[in-house]
Amino acid sequence: MSRIFWTNLALFPVVLGANVLLSANVLAAEQLDNAETEAPIIASTAIAKDQPKVDRQLIAQTSEADNQNSMSQVTSVSQFSDVQPTDWAFQALQSLVERYGCIAGYPNGTYRGNRALTRYEFAAGLNACLDRVNELIATATADLVTKQDLATLQRLQEEFSAELATLRGRVDSLEARTAELEAHQFSTTTKLVGEAIFAVTDNFGGNDTNNTVFQDRVRLDLQTSFTGKDTLHTRLATGNAVGLTLPNGTYESTQTFNLSPSTNNSVAIDWLSYYFPIGNSQVYIAATGGIHSDYVPTVNPYFEDYDGGNGALSTFASESPIYRIGGGAGAGVNLVFGGANSSFKPSVTLGYLASEGANPALGSGLVEGNYAALAQLSLNVGDRLTLAGTYVHGYHGAGSALFDLGGITSGVVGTSQANFVAGGNPYQSNSYGIEAAFKPSNKLSISGFVLYSDITDLVANNDGEVWSYGVGVALPDLGKKGNLLGIFAGAQPYLGSVGGDRPYHIEGFYRYRVTDNISITPGVIWLTNPGQAANSDNAVIGTLRTTFNF
């Protein structure tokens with residue numbers, strides 16, 4: 001439909017030049033149409049543990065976009081920042097706003113009058129103005145409505161009668177379907193987010209004692225919102241995936257799907273936490289299964305996936321090992337500074353997690369057992385560069401691994417020497433990390449980290465220093481939207497005072513997005529000098545991972 005055709009009509013030239021005259025019926029129809037193919041989304045600033053790292057930003061951006069796409073009534077044309085007195089439709093728009101009050105604008109103060117308009121949108125706008133005219137007549141203010149306007153309205157009403165009838169039919173049908181959905185919905189406050197991983201993996205290096213295995217892990221996350229901005233996560237998990245055995249008893253082969261509460265497919269609640277916002281900041285409380293990356297930016301985009309099935313293969317490549325120190329029950333807060341439109345956004349994150357928080361025995365509990373306290377300063381410069389500095393202080397009881405992720409007795413990354421510097425004695429750790437991510441374009445991301453841990457044996461003199469570093473290159477949407485090529489290389493956590501060569505880790509994977517809910521990720525992990533043993537055989541681990549998200 002041509003816009004210029006209507007420029008000679010005093011009442012409607014601007015209606016045809018805008019998209020903001022949609023009535024409540026059309027808005028409802030469009031939202032319900034979307035419900036045909038999309039599950040209802042609970043608006044939340046919380047971070048889902050099984051979602052890609054970039055989803056943290058997408059949640060906030062989606063909420064902001066939803067607010068901008070909603071409409072509100074205006075009383076003066078001067079309220080529109082994108083409408084100028086020199087615009088060809090200014091006078092007509094001014095008349096509609098001030099005489100009839102049937103113009104709605106966006107909350108950000110824009111009118112968006114240059115967007116193309118459909119006949120259905122025009123019919124809805126016409127209907128809105130007709131309702132307003134009827135209201136004026138009913139309230140004895142008919143002198144505001146001229147005969148010419150009424151004649152124009154009548155002609156337009158006849159012209160678009162078919163569209164109006166169609167819209168009424170659509171709304172009636174969608175209302176009936178909505179009532180049926182509400183009557184059979186699982187919950188008005190809770191939605192289910194699930195992930196299932198099938199993985200075939202084997203070690204093809206020298207001195208291999210592993211067989212080819214086919215493993216699985218399933219996570220079902222019940223996400224409940226009470227205010228629309230908070231989220232309670234109750235996650236059920238099961239699986240049979242275990243890491244491959246490498247020489248010298250190391251943890252360098254651990255992949256993200258190996259992290260499961262069981263190895264015999266028994267179901268357990270492996271994560272129970274609650275997020276809620278305070279202004280621009282966010283508070284995190286974990287009753288069980290909490291880890292630092294739940295609440296702190298790990299600054300490793302595309303590789304980090306909360307140990308899910310769409311990021312890096314290994315626990316080493318997915319995030320800096322500093323975030324693997326400790327876990328369990330506790331709390332964290334992410335304080336964000338700077339306005340929504342600011343290109344300089346610093347944040348301060350503080351957190352405390354206790355591995356034995358539920359154990360009332362002496363030497364355990366929230367404060368006397370194993371714990372890890374974190375502090376991080378992050379800085380976002382625009383949307384291209386992120387820098388962070390991290391400090392973690394931890395206490396580790398006798399026989400505890402350094403990178404235990406709250407598991408206490410076993411590590412999830414690094415060599416055995418790095419995880420048990422003090423042998424079987426209790427010890428303290430002070431760890432320092434630097435993380436950075438640079439995104440020069442939407443098709444390229446470069447990220448990396450450096451970790452240094454100072455270990456103090458509380459019984460003997462088994463002090464030591466643990467080091468780790470790595471850098472990764474990610475190419476998102478390579479070959480197809482949703483695909484990802486990732487290459488990561490570095491040194492897994494190692495004890496600096498031990499002889500032998502450093503344990504280097506080189507990983508490459510390609511995630512192919514079959515559908516929006518299914519991805520296949522073949523990849524290879526090459527480990528040199530496992531266990532920091534001189535002249536030890538390298539390990540080459542091949543993995544084919546299939547991930548189902550629902």
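The values are calculated or read from the model by the stated rules, or taken from the named source; none is laboratory data. The structure presented is a predicted model; accordingly, all values stated were derived computationally and were not measured. Reconstructed Cβ throughout: ideal geometry from the backbone, glycine too, with neighbour counts over all protein chains shown.
Scanning segment 232-278 for residues that are surrounded by fewer than 22 Cβ atoms within 10 Å (Cβ to Cβ), in contact (Cβ under 8 Å) with a residue 60 or more places away in the chain and under 22 Å from the mean Cα position of the chain (by Cα) yields Leu259, Phe276, Pro277.
For segment 277-314, which positions are in a strand (DSSP E or B) and farther than 22 Å from Gly542 by Cβ? Before the answer, list the steps.
So the first thing to find is which residues in segment 277-314 are in a strand (DSSP E or B), and the list is 277-278, 281-290, 314.
Passing the criteria: Pro277, Ile278, Ser281, Gln282, Val283, Tyr284, Ile285, Ala286, Ala287, Thr288, Gly289, Gly290.
Inspect segment 450-468 for any residue being buried (at least 16 other Cβ atoms within 10 Å of the Cβ), part of a strand (DSSP E or B) and under 21 Å from the mean Cα position of the chain (by Cα) and give the result as yes or no. No - not one qualifying residue is present in segment 450-468.
The rows are residues; the columns are (1) surrounded by fewer than 24 Cβ atoms within 10 Å (Cβ to Cβ); (2) of a type in the set (Gly, Ala, Ser); (3) at pLDDT 95 or above; (4) in contact with a Cys (Cβ under 8 Å, 6 or more places away or on another chain).
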| site | (1), (2), (3), (4) |
| --- | --- |
| Asp307 | no, no, yes, no |
| Pro321 | no, no, yes, no |
| Phe337 | yes, no, no, no |
| Ala372 | no, yes, yes, no |
| Val381 | yes, no, no, no |
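Of everything in segment 506-550 that's in a loop (DSSP other than H, G, I, E, B) and touching a residue at least 40 places away in the same chain (Cβ under 8 Å), which residue is nearest to Ile197 (Cα to Cα)? Among those that are in a loop (DSSP other than H, G, I, E, B) and touching a residue at least 40 places away in the same chain (Cβ under 8 Å), it is Phe550. Per the listing Val459, Val466, Val471, the residue uniquely among the β-branched types (Val, Ile, Thr) and either out of contact with any strand residue (DSSP E or B) (no Cβ under 6 Å at 6 or more places or on another chain) or modelled with pLDDT under 95 (or both) is Val459.
Out of the residues in segment 422-435 that are small (Gly, Ala, Ser) and buried (at least 18 other Cβ atoms within 10 Å of the Cβ), which is farthest from Asp404 (Cα to Cα)? Give the steps one after another, and end with the answer.
First, the residues of segment 422-435 that are small (Gly, Ala, Ser): 422-424, 429, 431, 433.
Now narrow it down to the ones that are buried (at least 18 other Cβ atoms within 10 Å of the Cβ): 422, 429, 431, 433.
Numbers: Ala422: 15, Ser429: 13, Ser431: 14, Gly433: 17 Å.
Among residues in segment 422-435 that are small (Gly, Ala, Ser) and buried (at least 18 other Cβ atoms within 10 Å of the Cβ), the one farthest from Asp404 (Cα to Cα) is Gly433.
Cβ-Cβ distances below 8 Å connect the following pairs, each with a first residue in segment 358-370 that is loosely packed, with under 10 Cβ neighbours inside 10 Å, a second residue that is in a helix (DSSP H, G or I) and of a type outside the set (Ser, Thr, Tyr), and a separation of six or more residues or different chains: Leu362/Glu368. Among residues belonging to segment 344-356 that are free of Cβ contacts under 8 Å to residues at least 40 places away in the same chain and not basic (Lys, Arg), point out the one that is surrounded by the most Cβ atoms within 10 Å (Cβ to Cβ). The extreme case among them is Ala354. Residue pairs whose Cβ atoms lie under 8 Å apart, sitting 6 or more positions apart in sequence or on different chains, and linking a residue in segment 387-409 that is without any contact (Cβ under 8 Å) to a residue 12 or more places away in the chain to a partner that is surrounded by 16 or more Cβ atoms within 10 Å (Cβ to Cβ) and not in a strand (DSSP E or B), are Thr409/Ser400; Thr409/Ala401.
Quick one: is Thr224 more than 29 Å from Gly414 (Cα to Cα), surrounded by 20 or more Cβ atoms within 10 Å (Cβ to Cβ) and either at pLDDT below 95 or not basic (Lys, Arg) (or both)? Outline the logic, then answer.
Working: more than 29 Å from Gly414 (Cα to Cα): yes; surrounded by 20 or more Cβ atoms within 10 Å (Cβ to Cβ): no; either at pLDDT below 95 or not basic (Lys, Arg) (or both): yes.
So Thr224 does not fit the description; no.
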